[in-house]
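Notes follow the structure.
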Amino acid sequence: MTVDMSAVTISVTKPKLKPAALLAEMGARIQPVEADEGNVDRYFLGKRVAAERRTGGGFLMGIQDKTLFTSAIYLREHFRVPILIVEGQVNYAYSRFDPQAVRGAMSSMMLLYGINVLSTPNVEETAALLAMIARQEQIGIPEISLIPKRKATDLPDLQRRVVEMLPGCGMVVARQLLQHFGSVRRIAEAGEAEFRALRGIGAKKAARIHRTLTAEYESVDTERDLEDAVEADPSLLFDGPVELLARQHHVYTDHRKDRHVVDLVFLDIEADELVLVELKRGELMPAHYGQIRRYLDNADKSKLLRSHLARGVSIRGVLATIVPGRWKPKLHDVCVRIIDARKVIDTLKRLRGERLAREGADQ
């Protein structure tokens with residue numbers, strides 16, 4: 001899977017080295033900086049995170065000239081999440097280093113200096129790791145399911161696993177329900193009283209199972225959900241009349257080198273103004289401003305946007321989310337809007353109901 005790095009900025013002390021070049025090829029914005037101390041290959045991945053890269057030979061040299069330890073002190077004192085990446089093999093067998101001394105230096109990085117030590121086999125993996133850390137730190141980490149995954153051995157095993165996910169239903173209760181009702185579908189259609197009639201299922205458990213199976217799903221799971229809701233009901237975001245011009249609109253930089261995707265493009269009818277909307281499901285961060293700033297800076301390279309700009313309309317950006325936060329952009333050409341999550345959920349439920357009604361009518 002390709003990692004979208006268009007909204008990520010990484011400051012580097014050695015921009016001419018291969019890791020920085022690879023990060024730039026991935027789409028990250030590379031910002032050269034001078035090292036505060038020492039001749040080090042360092043990557044500033046966010047306000048909290050910095051990583052120092054050393055090859056296996058560089059790691060040994062750092063032990064010898066003590067720069068490994070002075071760098072560790074610097075990282076520990078300036079960053080909450082300091083990282084040391086050791087790239088390639090540490091070939092102490094071909095040096096005068098005692099293997100125990102090398103292992104001791106590496107363990108001291110973690111135990112004495114509080115440095116997170118990571119290992120990569122080559123420069124390509126180093127760049128990929130830096131890219132992932134920077135993206136997760138600046139944009140966010142996708143939700144991870146905590147449900148253990150294993151391959152079902154057969155259909156009955158798969159059916160039991162589905163039912164085991166219901167509240168209070170372990171393997172024994174799942175088997176009991178399946179033996180009694182005969183299928184997952186009949187369990188889903190059963191009434192609360194039918195659950196209470198079974199041995200070992202009391203009123204409270206029966207109510208929880210029934211509610212889980214019958215309650216309307218109410219959640220905003222993805223940014224696409226937000227897009228669907230705002231497209232269907234622009235009043236979630238705008239006070240006046242607007243016209244939707246495009247969704248997932250591509251904006252390119254010079255020579256079509258980089259492609260940026262604008263979530264929604266509206267025309268504010270009363271203000272005669274283009275509005276580029278970037279939707280986020282989590283709390284807004286400074287990196288998101290850089291993302292929409294690039295959309296605005298390159299709007300004239302879009303045929304759609306250029307046709308409106310040519311007749312003199314103004315343009316602004318909107319960063320919108322359902323999660324309140326304290327960060328706000330300093331410039332006035334981008335504004336922050338907090339969308340009412342309850343209203344988004346109600347809109348998604350309405351859209352779902354309309355779709356189901358259409359599908360029912362077509363059958």
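The values are calculated or read from the model by the stated rules, or taken from the named source; none is laboratory data. The shown structure was predicted, so the numbers you read here are calculated from the model rather than taken from an experiment. Positions of Cβ are generated from backbone atoms using ideal geometry, with glycine treated the same way; all protein chains shown enter the neighbour counts.
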Only one of L130, L118 is at pLDDT 95 or above and under 28 Å from E223 (Cβ atoms). Can you tell me which?
L130
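State all residues of the range 35-69 that are in a loop (DSSP other than H, G, I, E, B) and either small (G, A, S) or within 21 Å of P121 (Cβ to Cβ) (or both); if no residue qualifies, say none.
Initial filter on the range 35-69 (in a loop (DSSP other than H, G, I, E, B)): 35-41, 45-48, 66.
Selection gives A35, G38, D41, L45, G46.
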Would you check which residues across the range 172-204 are closer than 30 Å to A341 by Cβ and surrounded by 14 or more Cβ atoms within 10 Å (Cβ to Cβ) and list them?
A188, E192
Could you tell me whether L267 is touching a Gly at 6+ places or on another chain (Cβ under 7 Å), in the same structural domain as D239 (by TED's automatic domain parsing), outside any loop (DSSP other than H, G, I, E, B) and modelled with pLDDT of 95 or more?
no
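If you take the residues of the range 331-363 that are within 17 Å of E283 (Cα to Cα) and of a type in the set (D, E, K, R), which of them is surrounded by the most Cβ atoms within 10 Å (Cβ to Cβ)? So that I can check it myself, show each step before the final result.
First pass over the range 331-363, keeping only residues within 17 Å of E283 (Cα to Cα): 334-342, 344.
From what is left, the residues that are of a type in the set (D, E, K, R) are 337, 340, 342.
Numbers: R337: 14, D340: 11, R342: 11.
Ranking the candidates gives R337 first.
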Give the residue that is nearest to F97 (Cα to Cα), with candidates limited to residues of the range 51-86 that are touching a strand residue (DSSP E or B) at 6+ places or on another chain (Cβ under 7 Å) and hydroxyl-bearing (S, T, Y).
T55
If you go through the range 70-83 one residue at a time, how many are surrounded by 16 or more Cβ atoms within 10 Å (Cβ to Cβ) and either part of a helix (DSSP H, G or I) or in contact with a helix residue (DSSP H, G or I) (Cβ under 6 Å, 6 or more places away or on another chain) (or both)?
5
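Listed here are the residues, each with its yes/no results for (1) without any contact (Cβ under 8 Å) to a residue 24 or more places away in the chain; (2) crowded, with 20+ Cβ neighbours inside 10 Å; (3) within 25 Å of the chain's Cα centre (by Cα).
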{"site": "R281", "(1), (2), (3)": "no, no, yes"}
{"site": "M285", "(1), (2), (3)": "no, yes, yes"}
{"site": "N298", "(1), (2), (3)": "no, no, yes"}
{"site": "S302", "(1), (2), (3)": "no, yes, no"}
{"site": "R306", "(1), (2), (3)": "yes, no, no"}
What pairs can you find where one residue is in the range 110-124 and without any contact (Cβ under 8 Å) to a residue 60 or more places away in the chain, the other is among the acidic types (D, E) and part of a helix (DSSP H, G or I), and their Cβ atoms are less than 6 Å apart, with a gap of 6+ or different chains?
none
Condition met for H210 (at pLDDT 95 or above and buried (at least 17 other Cβ atoms within 10 Å of the Cβ)):
yes
Condition check for D221: acidic (D, E) and not in a strand (DSSP E or B):
yes
Given the conditions (1) in a helix (DSSP H, G or I); (2) buried (at least 19 other Cβ atoms within 10 Å of the Cβ); (3) free of Cβ contacts under 8 Å to residues at least 60 places away in the same chain, which single one is not true for S107?
(2)
Being assigned to a strand (DSSP E or B) and either touching a strand residue (DSSP E or B) at 6+ places or on another chain (Cβ under 8 Å) or within 21 Å of V230 (Cα to Cα) (or both), is that true of even one residue in the range 337-354?
yes
Name, by its number, the condition in (1) in a loop (DSSP other than H, G, I, E, B); (2) outside the structural domain of I292 (by TED's automatic domain parsing) that does not hold for R358.
(1)
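Right, F97: at pLDDT 90 or above and surrounded by 13 or more Cβ atoms within 10 Å (Cβ to Cβ) or not? I'd like the intermediate steps shown before the answer.
Values: at pLDDT 90 or above: no; surrounded by 13 or more Cβ atoms within 10 Å (Cβ to Cβ): yes.
Taking the combined requirement at face value, the residue does not satisfy it.
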Of all residues in the range 151-168, count the ones that are under 21 Å from T214 (Cβ atoms) and out of contact with any helix residue (DSSP H, G or I) (no Cβ under 6 Å at 6 or more places or on another chain).
2
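Scan the range 218-237 and give yes if some residue there is over 27 Å from the mean Cα position of the chain (by Cα), outside the structural domain of V162 (by TED's automatic domain parsing) and surrounded by fewer than 19 Cβ atoms within 10 Å (Cβ to Cβ), otherwise no.
The first filter runs over the range 218-237 and keeps only residues over 27 Å from the mean Cα position of the chain (by Cα), leaving none.
Taking every residue of the range 218-237 in turn, none turns out to be over 27 Å from the mean Cα position of the chain (by Cα), outside the structural domain of V162 (by TED's automatic domain parsing) and surrounded by fewer than 19 Cβ atoms within 10 Å (Cβ to Cβ).
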